[in-house]
1. Add -39500 (n - 2.57) for each DSSP H run of 4 or more in the chain, then divide by its residues: what number comes out at 222 nm, to the nearest 500 deg cm²/dmol?
2. Please state the charge dipole magnitude for the chain, taken about the Cα centre, from unit charges on C-beta atoms (+1 on K and R, -1 on D and E), reported in debye and rounded to the nearest 20.
3. Once the dipole of the stretch 82-160 is set up with Lys and Arg at +1 and Asp and Glu at -1 on Cβ about the Cα centre, which of 124, 146, 111 lies farthest towards its positive end?
4. Please work out the average accessible area per residue across the chain, using the 1.4 Å probe convention, and give it in Å².
5. Count the net charge of all other residues whose Cβ sits under 13 Å from the Cβ of residue 56, scoring Lys and Arg as +1 and Asp and Glu as -1.
6. Under a Cβ-Cβ cut-off of 13 Å, what is the net charge of the residues other than residue 36 that fall near it, where Lys and Arg count +1 and Asp and Glu count -1?
7. Can you send over the carbon and sulfur percentage of the accessible area for the chain, probe radius 1.4 Å, protein chains only?
8. Which of 40, 155, 7 sits closest to the plus end of the dipole of the chain, meaning its Cα is farthest towards the positive end, when Lys and Arg get +1 and Asp and Glu get -1 on the C-beta?
Amino acid sequence: MNFRALIFLFLFMLILSCGTTNRVITDDGKVYTVKGDKFFNNGEEITEQLSSEEKKTIKTTLEERLEAIEEVEETKEKLEDEQKKLEKLQKEAARKQEELEEQQARLDNKLKEKEEARKDYFEAKDKLQKKKDRFQELKEKGKISPKYIEKREKIIKKLK
């Protein structure tokens, strides 16, 4: 039990012991008001008129009702605690989901960059091959000067 529940229970018992007024409806439908050890019906004290068995029945009914109220309060507090735990877990799950989404986005970006680099590599490789082929054609035909050959070789080297 947490501290709050203990305080609530203590106050509840203190109030009960200080002569609180409680209404009790018995199984036969009569309504009694109980103040400490005195019993009232319709505002009149009837403690002396009741038998000990009737008093015992009324007190038992009152105790059962008070116990039921206490159980309901305890259950309510447990449910509230569970709800807080669930909310905390939900927040944690949402945070982890966010982290995973960010990580996925980073991985997607890396994959995209690799694909772009791969594409650029193949384009550069094709361009180099075309330049080499064109250079080789011109060289075989003998239509280029030695300066142009030198210049062309520098360009090809740069492309490599």
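The values are calculated or read from the model by the stated rules, or taken from the named source; none is laboratory data. Being a predicted model, the structure only gives us computed values, none of them experimental. Heads up, the Cβs are rebuilt from the backbone with ideal geometry, glycines too, and the neighbour counts pull from every protein chain shown. These area figures cover heavy atoms from the full protein model, side chains too; ligands, DNA and RNA do not enter into them. Shrake-Rupley method; radii C 1.70, N 1.55, O 1.52, S 1.80 Å.
1. Taken over the chain, the calculation gives -27500 deg cm²/dmol.
2. Charge dipole, the chain, about its Cα centre: 3900 debye, nearest 20.
3. In the stretch 82-160, that residue is 146.
4. That works out to 86 Å² for each residue.
5. Combined, the nearby Lys, Arg, Asp and Glu give -3.
6. Local charge sum for residue 36: +2.
7. 53
8. 155
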